[in-house]
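The structure under discussion appears below in the form of structure tokens.
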Amino acid sequence: MAPAPAPPRALSAELRRATLGALALPAPRPGARVRAARPREVNFHTHRLLMSSNMNSRSLVCPPCNCAQMALADTRIAYQPDVDKHAGVLAYELVQGNLVQWNSFMDKSIPDPPTAVLLHGILGSRKNWGSFAKRLAHEFPMWQFLLVDLRCHGDSASIKKRGPHTVASTALDVLKLVVQLRLTPRVLVGHSFGGKVALSMVEQAAKPLARPVRVWVLDATPGKVRAGGDGEDHPAELIEFLRRMPAQVSSKVEVVNALVKEQFSVDVARWVATNLRRSSPLGQQSSSNFSWTFDLNGISKMYKSYEDTNLWSVVENVPRGVHINFLKAERSLHRWALEDLKRIHSAEELAADEGGGVEMHVLEDAGHWVHADNPDGLFRILSSTFRIETTIRGMQD
């Protein structure tokens with residue numbers, strides 16, 4: 001086995017201070033009662049832009065295109081620059097409830113609204129969370145939800161990143177984006193690979209925190225990765241097969257048929273095909289007019305890091321002010337060994353009781369794709385976090 005890639009360089013002192021401040025959260029008063037917030041009818045404000053890499057953590061204007069003029073209008077994407085002309089941190093979309101009247105270019109004295117960061121898994125994109133984020137914003141109109149394309153994925157694939165392509169470097173990307181946008185994440189939600197990214201964010205930036213941040217790790221363990229069993233899809237094999245396919249294909253059906261022929265499930269084949277983008281102008285005939293939106297070479301290294309990365313130390317020594325929630329999909333038994341469950345339950349007993357801790361949850365009637373298999377059940381489980389944080393904010397105001 002090849003040696004594990006070296007970890008990324010430590011956060012600079014300025015970036016680390018800014019990151020720790022961005023992740024700081026208010027703690028509930030002792031004995032305070034927590035009440036559910038009423039759902040309200042809302043509209044959605046969503047935005048996407050890319051931050052220039054030559055900007056420091058305090059600069060928020062992109063001179064070539066004057067990004068500061070991004071409008072808070074009722075449009076799906078208020079600003080969408082040319083990805084190729086921006087050496088940015090990551091591509092993202094911000095989904096806001098209709099009570100949110102804020103953007104990152106406002107005066108720094110204006111506090112940002114409560115924010116949740118939603119992270120996709122390997123071979124995914126921020127679009128995986130689109131519908132779910134809008135539902136959350138509808139139910140919790142004071143919140144905003146940051147949907148990110150991780151390095152080598154989606155629109156971030158065209159933003160060149162230095163190696164190593166690891167869980168830790170991926171987490172550092174998100175931390176840098178949070179700092180540049182001047183956001184205050186109160187909740188981190190990561191699915192599969194994204195779950196380990198969320199834990200790595202805690203490991204790199206949250207140890208000195210004295211206020212709670214809530215982390216949700218969806219159908220992933222902190223340590224050993226157990227891929228599909230017999231007759232189930234193996235991500236590593238899927239990635240390697242995709243790397244052997246042509247860089248351009250004539251249709252999405254061609255990709256689906258090729259994957260099914262190789263014994264991958266129809267559902268996974270169709271999902272993978274959503275990562276194809278038309279590479280020639282619409283209406284122009286071409287024998288090869290679709291190409292991948294991700295960097296498969298980089299993703300292969302990221303998945304290897306996902307297998308090798310062990311973050312049990314974060315779970316078994318939870319930093320003060322951090323609450324880690326694991327969600328196990330009922331039908332995803334092959335990903336969870338009895339040893340994993342025992343260690344998490346032991347961590348529950350050892351975790352500090354000052355706004356931090358560890359909890360285990362089970363999502364019934366769901367396989368690994370939790371937000372697609374049982375979105376209603378997942379919504380009910382996650383909603384408790386947003387109700388608690390909304391009530392805490394209301395009491396402090």
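A single entry from 167, 178, 148 fulfils the requirement of being within 10 Å of the chain's Cα centre (by Cα) and either of a type in the set (Asp, Glu) or open to solvent by less than 10 Å² (accessible area, probe 1.4 Å) (or both): 148. Of the residues that make up the stretch 133-145, is at least one among the small types (Gly, Ala, Ser), open to solvent by less than 40 Å² (accessible area, probe 1.4 Å), within 19 Å of residue 215 (Cα to Cα) and not in a strand (DSSP E or B)? Yes, the stretch 133-145 has at least one match. Which of the residues spanning the stretch 253-270 are modelled with pLDDT of 90 or more, buried (at least 18 other Cβ atoms within 10 Å of the Cβ) and under 18 Å from residue 370 (Cα atoms)? Matches in the stretch 253-270: 269 only. Of the residues making up the stretch 339-372, those that are at pLDDT 90 or above, acidic (Asp, Glu) and outside any loop (DSSP other than H, G, I, E, B) are 339, 340, 359.
The C-beta contact set for the stretch 162-189 (first residue within 27 Å of residue 328 (Cβ to Cβ), second residue at pLDDT below 95 and among the hydroxyl-bearing types (Ser, Thr, Tyr), distance under 6 angstrom, 6+ apart or interchain) comprises 175/19; 185/115; 187/385. Taking each residue of the stretch 118-131 that is under 16 Å from residue 300 (Cα atoms) and looking for partners that are among the hydroxyl-bearing types (Ser, Thr, Tyr) and open to solvent by less than 20 Å² (accessible area, probe 1.4 Å) with beta-carbon atoms closer than 7 Å, six or more apart or interchain, yields 121/192; 122/192; 122/303; 122/306. What do you reckon, is residue 336 of a type outside the set (D, E, K, R), open to solvent by 40 Å² or more (accessible area, probe 1.4 Å) and at pLDDT below 95? Spelling it out, it is not the case that residue 336 is of a type outside the set (D, E, K, R), open to solvent by 40 Å² or more (accessible area, probe 1.4 Å) and at pLDDT below 95. If I filter the stretch 193-208 for residues that are modelled with pLDDT under 90, out of contact with any Ser or Thr (no Cβ under 7 Å at 6 or more places or on another chain) and open to solvent by 20 Å² or more (accessible area, probe 1.4 Å), do I get at least one hit? Yes, the stretch 193-208 contains at least one residue that is modelled with pLDDT under 90, out of contact with any Ser or Thr (no Cβ under 7 Å at 6 or more places or on another chain) and open to solvent by 20 Å² or more (accessible area, probe 1.4 Å). Considering only the stretch 357-372, I want to know if a residue exists there that is in contact with a strand residue (DSSP E or B) (Cβ under 7 Å, 6 or more places away or on another chain) and over 14 Å from residue 218 (Cα atoms). Yes, the conditions are met somewhere in the stretch 357-372.
Please verify whether residue 153 is within 30 Å of residue 296 (Cα to Cα), buried (at least 22 other Cβ atoms within 10 Å of the Cβ), in contact with a Phe, Trp or Tyr (Cβ under 6 Å, 6 or more places away or on another chain) and modelled with pLDDT of 95 or more, treating the condition exactly as stated. For residue 153, the condition - within 30 Å of residue 296 (Cα to Cα), buried (at least 22 other Cβ atoms within 10 Å of the Cβ), in contact with a Phe, Trp or Tyr (Cβ under 6 Å, 6 or more places away or on another chain) and modelled with pLDDT of 95 or more - is met. Looking only at the stretch 88-132, count every residue that is under 25 Å from residue 375 (Cβ atoms), in a loop (DSSP other than H, G, I, E, B), open to solvent by 10 Å² or more (accessible area, probe 1.4 Å) and not small (Gly, Ala, Ser) and tell me the total. Counting residues in the stretch 88-132 that are under 25 Å from residue 375 (Cβ atoms), in a loop (DSSP other than H, G, I, E, B), open to solvent by 10 Å² or more (accessible area, probe 1.4 Å) and not small (Gly, Ala, Ser) gives 4.
The values are calculated or read from the model by the stated rules, or taken from the named source; none is laboratory data. Computed from a prediction, not measured in an experiment: that's the story for all the values here. Note: ideal-geometry Cβ built from the backbone for every residue, glycine included; neighbour counts use all protein chains shown. Accessible surface areas use protein heavy atoms only, side chains included; no ligands, DNA or RNA. Shrake-Rupley method; radii C 1.70, N 1.55, O 1.52, S 1.80 Å.
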